[in-house]
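Heads up: the structure comes next, in structure tokens.
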2 protein chains.
Amino acid sequence: MSRTVEVTELVLRDGHQSLLATRMALEDMVPACEDIDQAGYWSVECWGGATYDSCIRFLNEDPWARLRTFRQLLPNCRLQMLLRGQNLLGYRHYEDTVVDRFVDKSAENGMDVFRVFDALNDVRNLRRALEAVRRSGKHCEGTICYTVSPLHTVEKFVEMAKQLQDLGCHSICIKDMAALLRPQPAYDLVRGIKQACGQDTLVHVHVHSTTGVTLVSLMKAIEAGADIVDSSISSLSLGPGHNPTEALVEMLEGTGYTTRLNKDRLLKIKDHFAKVRPRYAEFESKIIGVETEIFDSQIPGGMISNMESQLKQQGAGDRLKEVLAEVPNVRKDAGYPPLVTPSSQIVGTQAVFNVLMGRYKALTGEFADLMLGYYGESIGPRNPEVIEAAAKHAKKPPITHRPADLLQPEWEELRSQALPLKGCDGSDEDILTYAMFPQVAAKFFAQRAEGPKNVSKSPAKAAAPAAAKAADGKAPITSPVTYEVRIGNTSHQVTVAPA
Amino acid sequence: MSRTVEVTELVLRDGHQSLLATRMALEDMVPACEDIDQAGYWSVECWGGATYDSCIRFLNEDPWARLRTFRQLLPNCRLQMLLRGQNLLGYRHYEDTVVDRFVDKSAENGMDVFRVFDALNDVRNLRRALEAVRRSGKHCEGTICYTVSPLHTVEKFVEMAKQLQDLGCHSICIKDMAALLRPQPAYDLVRGIKQACGQDTLVHVHVHSTTGVTLVSLMKAIEAGADIVDSSISSLSLGPGHNPTEALVEMLEGTGYTTRLNKDRLLKIKDHFAKVRPRYAEFESKIIGVETEIFDSQIPGGMISNMESQLKQQGAGDRLKEVLAEVPNVRKDAGYPPLVTPSSQIVGTQAVFNVLMGRYKALTGEFADLMLGYYGESIGPRNPEVIEAAAKHAKKPPITHRPADLLQPEWEELRSQALPLKGCDGSDEDILTYAMFPQVAAKFFAQRAEGPKNVSKSPAKAAAPAAAKAADGKAPITSPVTYEVRIGNTSHQVTVAPA
């Protein structure tokens, strides 16, 4: 007797977001859709904040049209999205009726599974979105952002799972965006949730592979009863991405667990994205291989490179070690938020400020908001002295209520701002695009008619480097290089760059 | 209460063998030795057939001098080598007293742990070497080559473990050179060996990471009682190499298992080899990421590329699929040998012959020898018709005794051939080098005095591409590329290559 473990394929969203800076065009996904549809996945994650943003910012693609295309090409497969709770796909809190409308429109355009999370794990920031999903009749997945701190115990996470269950979630997701979830906590956490919420509660596990241990964590999560796990097809996997789907399937062979996945289909999907990936080489993540230092610093790789470049801009490139040592202090003062967008940037930037200018001598507006409760509640108490400094800096008081409680109905105002924009078609979808990214939306509406712009090297342009790659297995040159070049009998210093 | 799991570091042998074609020079290992020595490893694998061969063939390094250097720089750490049983480090069977002498000299020069294997798992080919190791007072590790076939059951492998134990081995190694060892068989195999041989029997597990599942297999092996596991520092890990040492350490955090490894030391070792690796970029394995197709074809990646190039040379590059389908037939006819050097090449080449010229219409000499028992016994019966064809082709009868039983004492003859060679110093070590690789040894002796030749890009030469890499994270250009170049107002087609 074997138990079936269900799988969510990530390649259409988090896979290329983590490895190719979210730049993959819809047309490079379309040829794989039939195989994805038939492979036997529980769901296919294909939409979220970064993909939406990238569509309108870089690709001149309407994200809603992309969603409808997936719906058409993946008729047998649940479509899944990642939703930032009250932030929707943007970077601020939205008023409740905007949340409702966004969820309704997403459901209407074809979304099946809504994975809803909050960067601070503040359940109040999830409630409205979860209610809207339930009302739409779609699958409502409440999310726990996994992190490590003295306060983040299995018990605390299980308590949050219980709250999500009480809010009517159809499944509970453990979201390990920084690859910090080791095998034993994975086991304990899944078992704890199953014990507290009932064995029938669907537990869905999302891990990244940055630290190299999380396929083992998936194995232990499955042993503890996890029902659905996330992975990405092998040709867009590993590094800061995810564990390879094929390895997940093979790992279970001979155990008491099995997937419904069809290996022939997986091979075709793999081959497709293996061909696509090199064309996006310039967007490749700079993190490759395995980074276990994250376990000690608890600072995700992307956050370190952000801080490095901030320091260099200030001529203080040699002070990274001090900043790395300061991050845990800032995080503690802020009540131990998980380090995930946007809290990772907020905490990281403040740590840079503290090192360069003295501790809390200067505050960023975002850090002040974080300290004052305008992002929500954190798990631990916040440092009262820093709260006081923040209130002074921001000229507003700390709050303890749900941040969105402050907001007035804003749909009509958003609508009246969006409608006059050149190229806005007046649909609710366009108003929502404007609501998420006002500046970018205006530019996008104006040029939408020009059609999608694939930012990968076109097959023709990519041919030469691809041939070079085939010959020696190396990546093509992508930045200017100076050579000594002889033409006839004359020698020149020449700087060249790919056309 | 936690159990300590011991670790063997592979970076000085199999790590760079699997990822950098065994090209790493001793001088690029020396700076890491103090940290390796102090990190808390059970042993450091640092010597074997390919490293020995590469030393004299490419690096103009005396492999014995390399061994003595390791002994000096790693005083607190067991040195470990891989020995091909009766083949020693060469490609033929040696007469028993040569085996004895090789083992004695290796022990005398500082080797502590001898991992002894045979490509066919024929224990008769291991016996003499194992006895020699035991007599030398060093650690004697008998090895099971793991493979998958209808005949390779857990029971069969456990039976072999029992035989190795009866030969007095201090430990039993499960060697998974093709990354075929899935988690459940890893568990079953280790448990089976422990049950049959006693819980005190040391079980040592070696896996590659090609298929992406084997860190999970190490976890299950440890849960089943494995005492020592192999890994390679993260900056030279993954792909066709091994699981990262740091990930292994982190994976166990919070479980009932722990290692003795010092994470600060590991970080230094990682940083060192992260700097070294790019200089060997031209030798990098072309296999990256994860290859789970191996599970179905059971054909290691390196073997497929061999067959591809053989087919292309014959103008039959389009017939790979037929060859891949033929390999299992040939392997069955040969009694299901594990596919590892040299059996993988022998079986693969014969499959190519069968497809191009008709089944067994032409035989390679090596395949005839394999069929006739000159490499030893395989687990399954061999096809009698093919044995007959092989006997006819090779003009010699099949044998059932141990292949080396045929051999006459050969030390004096080897000695008399080696001594006159220009540059031979007359030591037993030199005679052994000649015995292993007669042609290459002659050339090596003659030029030994010129000293080691580091084949990596020298720091100076590597500087420019390294700077380019730092800027954009891409590998440097390594082959000629044609550009359109403008100098002043004139446009030229120019082909450039790195200086």
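Odds and ends about this structure:
- Per-residue ellipticity at 222 nm, computed for chain A from helices alone with -39500 (n - 2.57) per DSSP H run of at least four residues, works out to -13500 deg cm²/dmol.
- Between the residues A:Ala21, A:Ala418, A:Leu261, the greatest Cα displacement towards the positive end of the dipole of chain A, with unit charges on the Cβ of Lys, Arg, Asp and Glu, is found for A:Ala21.
- Label-to-label distances for B:Ser297 across copies, nearest first, come out at 3.9 nm, using points 7 Å from Cα in the beta-carbon direction.
- The residues packed around A:Cys33, meaning those with a beta-carbon under 12 Å from its beta-carbon, carry a net charge of -2 if Lys and Arg are +1 and Asp and Glu are -1.
- Shape class for segment A:119-195: prolate, because the ratio a/c of the largest to smallest gyration tensor axis (alpha-carbon atoms, square roots of eigenvalues) is 1.5 or more and a/b beats b/c.
- Projecting the Cα atoms of A:Ser232, B:Tyr187, A:Pro278 onto the charge dipole of the protein assembly as shown (Cβ charges, centred on the Cα centre) puts A:Pro278 farthest toward the positive pole.
- For B:Phe102, net neighbour charge (Lys/Arg +1, Asp/Glu -1) across residues whose Cβ lies under 10 Å away: -2
- Cβ neighbours within 10 Å from other chains - mean over A:249-258: 5
- Simple Cβ-charge dipole of segment B:195-321, Lys/Arg +1 and Asp/Glu -1, about Cα centre, in debye nearest 20: 440 debye
- Normalised contact order of segment B:270-368, rounded percent, pairs of Cα under 8 Å and 6 or more residues apart: 21 percent
- For B:Arg3, inter-copy label distances in nm, listed shortest first [label point 7 Å out on the Cα-Cβ vector]: 2.4
- Shape call, chain B: gyration tensor on alpha carbons, a/c limit 1.5: rounded
- Other protein chain C-beta atoms within 10 Å of residue C-beta, averaged over A:270-282: 1.
- Beta bridge orientation in chain A: antiparallel %, DSSP, nearest 5: 15 percent
- Contact order relative to length of segment A:355-395, as percent, for alpha carbon pairs under 8 angstrom and 6 or more apart: 51 percent
- Computed on chain B, with alpha-carbon pairs under 8 angstrom and 6+ residues apart, the relative contact order is 17 percent.
- Among beta bridges that DSSP assigns inside the protein assembly as shown, antiparallel share in %, nearest 5: 15 percent
- Counting Cβ atoms of other protein chains within 10 Å of each Cβ in B:287-295 and taking the mean gives 6.
- Toward the positive end of the charge dipole of the protein assembly as shown, with +1 on the Cβ of Lys and Arg and -1 on the Cβ of Asp and Glu, the farthest Cα among B:Gln298, A:Leu432, A:Pro384 is that of A:Leu432.
- Each Lys and Arg Cβ is given +1 and each Asp and Glu Cβ -1; about its Cα centre, segment B:1-145 then shows a dipole of about 420 debye.
- For segment A:170-268, a/c is not less than 1.5, where a ≥ b ≥ c are the root eigenvalues of the C-alpha gyration tensor, and a/b does not top b/c. That puts it in the oblate class.
- Computed from point charges on the beta carbon alone (+1 for Lys and Arg, -1 for Asp and Glu), the dipole magnitude for chain B about its Cα centre is near 720 Debye.
- For A:Glu223, inter-copy label distances in nm, listed shortest first [label point 7 Å out on the Cα-Cβ vector]: 0.2
Every number here is computed from the coordinates shown, using simple stated rules; none is lab data. Note that this is a predicted model, so its numbers are computed, not measured. Every residue, glycine as well, gets a Cβ built from its backbone with ideal geometry; the counts of neighbours run over all protein chains shown.
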